[in-house]
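The values are calculated or read from the model by the stated rules, or taken from the named source; none is laboratory data. Everything numeric here is computed off the predicted structure, so don't read it as measured data. Here Cβ is always computed from backbone atoms with ideal geometry, including for glycine, and neighbour counts include all displayed protein chains.
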Amino acid sequence: MISNESVATLTEELGERLKQARLNQDLTQAELAKRVGVTRKMVLNAEKGKVQLEVFVGIMVALNLTEQLGLFLPKQTISPVELAKLRGKQRQRASGQHNANDEVPAEW
């Protein structure tokens, strides 16, 4: 299990990286906020590691870092073995169709 301390450390590190990317492009927090469509305070919070995912992605887009998102969290694929296991666990359902031969006449 990941501790709260390590989560805080990781989010702070991401915030620092956002800040450095902004500075590398010679943008102020206000300029970046305007590009993203958020407040300067939201950018400031993002740089501290306290950010909503939508704002984080917006900042990445504004800084032209969307290619980095693929490296940050690559698309997950399911291996053929795992796919077979998942398919094997699918519920089988009755077709709901009855044949006339299957019906047993009622006896009175």
Among all residue pairs at least 6 apart or on different chains, which show Cβ distances below 7 Å where the first residue, located in region 65-93, is under 30 Å from Gln25 (Cβ atoms) and the second is surrounded by 10 or more Cβ atoms within 10 Å (Cβ to Cβ) and modelled with pLDDT of 80 or more?
Leu65/Ala21; Thr66/Met60; Gln68/Met60; Leu69/Met60
Glu12 - would you say it is on the phi < 0 side of the Ramachandran plot, touching a residue at least 12 places away in the same chain (Cβ under 8 Å) and exposed (fewer than 15 other Cβ atoms within 10 Å of the Cβ)?
yes
For region 8-37, what are the residues that are within 24 Å of Leu73 (Cα to Cα) and not in a helix (DSSP H, G or I)?
Gln25
Is there any pair linking a residue in region 27-52 that is under 25 Å from Val7 (Cα atoms) and at pLDDT 95 or above to one that is assigned to a helix (DSSP H, G or I) and among the aromatic types (Phe, Trp, Tyr), with Cβ under 7 Å and at least six apart or on different chains, and which?
Ala46/Phe56
Residue that is farthest from Leu32 (Cα to Cα) [pool: residues in region 45-68 that are of a type in the set (A, V, I, L, M) and surrounded by fewer than 18 Cβ atoms within 10 Å (Cβ to Cβ)]:
Leu53
